1. Hey, what do the phi angles of segment 125-140 turn into as Karplus ³J(HN,Hα) couplings, whole Hz, using 6.51/-1.76/1.60 and θ = phi - 60°, x for Gly and Pro?
2. Sorted from largest down, give the three principal axis spans of the alpha carbons of segment 76-165, whole angstrom values.
3. Quick check: pseudo-label points 7 Å beyond the Cα along Cα→Cβ at residue 28 and residue 61, how many nm apart are they?
4. Give the residue list of trypsin sites (Lys or Arg not before Pro) in segment 59-167 that are DSSP loop and have at most 10 other beta-carbon atoms within 10 angstrom.
5. Just to confirm a number: summing +1 for Lys and Arg and -1 for Asp and Glu over residues other than residue 156 whose beta-carbon lies under 11 angstrom from that of residue 156, what do you get?
6. List, in the order given, every pair from 4/154; 140/183; 2/140; 78/166; 78/179; 34/171 whose Cα-Cα distance in the structure shown is over 29 Å.
7. Based on the alpha carbon coordinates of the chain, what radius of gyration and maximum Cα-Cα distance (Dmax) apply, in Å?
8. If you find the alpha carbon centre of segment 108-167 and of segment 6-53, how far apart are they in angstrom?
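Values in this text are rule-based calculations from the coordinates and carry no lab data. What you are looking at is a predicted structure, and each value in this text was computed from that prediction instead of being measured. Cβ: placed from backbone, ideal geometry, glycine included. Neighbour counts: every protein chain shown.
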Amino acid sequence: MKNKKILVGITGGIAAYKTCSLVNMFLKEGADVKVIMTYGATNFVTPLTFQSLTNHPVYLDMWQTYNKEEVEHISLAKWADILVISPATANIIGKIAHGIADDLLTTATMALPKGTSVLIIPAMNTNMWENPIVQENVKKLASNNKYHFIDPRKGVLACRDEGSGKIADNKDIFEETQKILSKK
């Protein structure tokens, strides 16, 4: 992980709070981490948390200028060795599967150079995860060697339903990120 550039995308799910520890794990191993948050994610964790952890601005808005000399979604995409989307909602999976680029995270995802992998960590209600449309989107992305998934775990979810949908353990996400990066 030392000197690897990890772009972390955080979407609007309750599991967003677990991404704080994941980012910290990457940083402790010497990675440089930048974060893109969807507006939904900011309802669960504040951008200030990730700015404090990474010492980088947190990227939220496609139309905000962070660096006047760069086009943000392009520069972030070129910067990254890998994009880790954790948690990934059904919405973000569907957008990526259908080439919809209507926010900073999806435009950066579409702008990633050939050879830059995306690790997607789904977390959602069981009925959402098992929805045939969501599963079709996952299969579509997984059939492209650019996209990798760690399936959600089974257990009691935030909504108190029981089944698949819990976000993968950070240890597993960390190890899979390391594995993908070592193949580059």
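1. Residue by residue, segment 125-140 yields 4, 3, 4, 5, 4, 7, 4, x, 5, 5, 5, 5, 5, 4, 4, 4 Hz.
2. 40, 23, 21
3. 3.5 nm
4. Counting only loop positions with at most 10 other Cβ atoms within 10 Å, the trypsin sites (Lys or Arg not before Pro) in segment 59-167 are 68, 114, 160.
5. +2
6. In this structure, 4/154; 2/140; 78/166 lie more than 29 Å apart at Cα.
7. For the chain, the Cα-based Rg and Dmax read 15.2, 49 Å.
8. What the calculation gives is 17 Å, centre to centre.
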